[in-house]
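Worksheet: one structure, shown below.
Bear in mind these aren't lab numbers, they're just calculated from the coordinates by the rules spelled out. Note that the coordinates shown come from a computational prediction; the quantities given were computed from them, not determined experimentally. Here Cβ is always computed from backbone atoms with ideal geometry, including for glycine, and neighbour counts include all displayed protein chains.
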Amino acid sequence: MIELRGVYHSYDGEEVLRDINLTVKEGERVVLLGINGSGKTTLLKILNALILPQRGAYTYCGVRVDKSKLKDRDFVRSFRKEMVMLFQNPDVMLFNPTVYDELAFSLRQLGFEEKQVEERVLHWADRFDLIEHLDKPPFKLSGGQKQKLCLACLLVLEPKILLLDEPTANLDPRTTGWLIDLLYDLNITTIVSTHNLSLVPELGDRLVVLGEEHSIVYDGKIETFLRDEEKMLKAGLLHKHRHKHGDREHAHYHFHL
Ligand SMILES: Nc1ncnc2c1ncn2[C@@H]1O[C@H](COP(=O)(O)OP(=O)(O)OP(=O)(O)O)[C@@H](O)[C@H]1O
Ligand SMILES: [Mg+2]
């Protein structure tokens, strides 16, 4: 349903994505791994059609996503409903007077009947433990609660594809566990970015790694990558420490977390 062919992107003349080829089928759970600055957020923004690839092609469900397609209101409307993205710092997106209105906002924008809005808002508020906060202004929630609210705001749309940019960055271990279970239960196509190696096996079943050179250096089974120290070193995901014990020196590897 998603296909990138030979995609490049640069900011101010500096390439941050190089020759990206990626196909994602319905139902896949992809983890996008790469160090800071490798281009994860840029790649997700391209998939979400927030930026257009400067070279190469992006096809979504057989439709070429380009400048002219983004002027087609019917396409944009269904695209925005089907493919949603949780930003790295999503709480800056919260602006409604109450949590309820925040959850209802995009449904109202899309012209849903108020009865159906209420039904979906209550369903997702309940699933995210937000019922008791419905009348509060979103800025009064804690960081983790805001993060949950942002995700709930996307799920009320019942999207087909969920793009998540470092969704666990602000969450405590319990909430991280909760999110992992939720994503598993949702059973929709997800692409999740992270630089946290230890979470990779829990977040999906296919791994795509962006290297320091901003191209895809691995695409395949998670376990195979995690067993390959050389590949991880090359992607900048491990670093070497040297220790001296008396006159003996030994080196060992650490995960970048
Ligand atoms: N709007 C922008 N204007 C100019 N340069 C940008 C912009 N956004 C990102 N960059 C640069 O592009 C490169 C890739 O950034 P990107 O945010 O895609 O990386 P990332 O893998 O998501 O990093 P992180 O793990 O830190 O979130 C970085 O060098 C960054 O400085
Ligand atoms: Mg990022």
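Computed from Cα atoms, the angle from the helix 173-186 axis to the main principal axis of the chain rounds to 70 degrees. Extending 7 Å from the Cα toward the beta-carbon at both ASP205 and ARG5 defines two label points whose distance is 2.8 nm. Helix 143-155 and the longest principal axis of the Cα set of the chain meet at an angle near 60°.
With the helix formula -39500 (n - 2.57) applied to DSSP H stretches of n ≥ 4, the chain reaches a computed 222 nm mean residue ellipticity of -9500 deg cm²/dmol. Each peptide in 93-103, 181-191 gets a packing score, the mean of other Cβ atoms within 10 Å over its residues, and the list from highest to lowest is 93-103, 181-191. Distance from the Cα centroid of the stretch 1-52 to that of the stretch 156-232 is 14 Å (rounded to whole angstrom). Under 1.5 on a/c is rounded, so check that first for the stretch 1-68, then, if it is not, pick prolate when a/b is larger than b/c and oblate when it is not; a ≥ b ≥ c are the square roots of the alpha carbon gyration tensor eigenvalues. Oblate, because a/c is 1.5 or more while a/b does not exceed b/c. Using the Cβ of VAL217 as centre and a radius below 12 Å, the other residues enclosed give a net charge of -3, where K and R count +1 and D and E count -1. Kirkwood's formula applied to the C-alpha pairs of the stretch 80-183 gives a hydrodynamic radius of 13.7 angstrom.
Rounded to the nearest 20 debye, the dipole size of the chain about its Cα centre is 500 debye, using +1 on the Cβ of Lys and Arg and -1 on the Cβ of Asp and Glu. With both residues required to sit in the chain, DSSP beta bridges show an antiparallel share near 60%.
Here the Gaussian network model covers the chain, with springs between Cα atoms less than 10 Å apart; of SER142, SER193, SER106, SER142 fluctuates the most. Charged neighbours of ASP74, selected by a Cβ distance under 15 Å, balance to +4 (K, R count +1; D, E count -1). With N counted as the residues of the stretch 1-152, its alpha-carbon radius of gyration over 2.2 N^0.38 Å works out to 1.19. Our analysis of the chain gives Rg over Rh at 1.01, with the two radii drawn from alpha carbon positions and Rh computed by the Kirkwood formula.
Pairs from the table (LYS40/LYS67; LYS40/LYS146; LYS148/LYS231; LYS40/LYS136; LYS148/LYS234; LYS25/LYS69) lying more than 29 angstrom apart at Cα are LYS148/LYS231; LYS40/LYS136; LYS148/LYS234.
What net charge is computed for the residues neighbouring GLU119, neighbours being all others with C-beta under 14 Å from the C-beta of GLU119, Lys and Arg scored +1, Asp and Glu -1? In short, -1.
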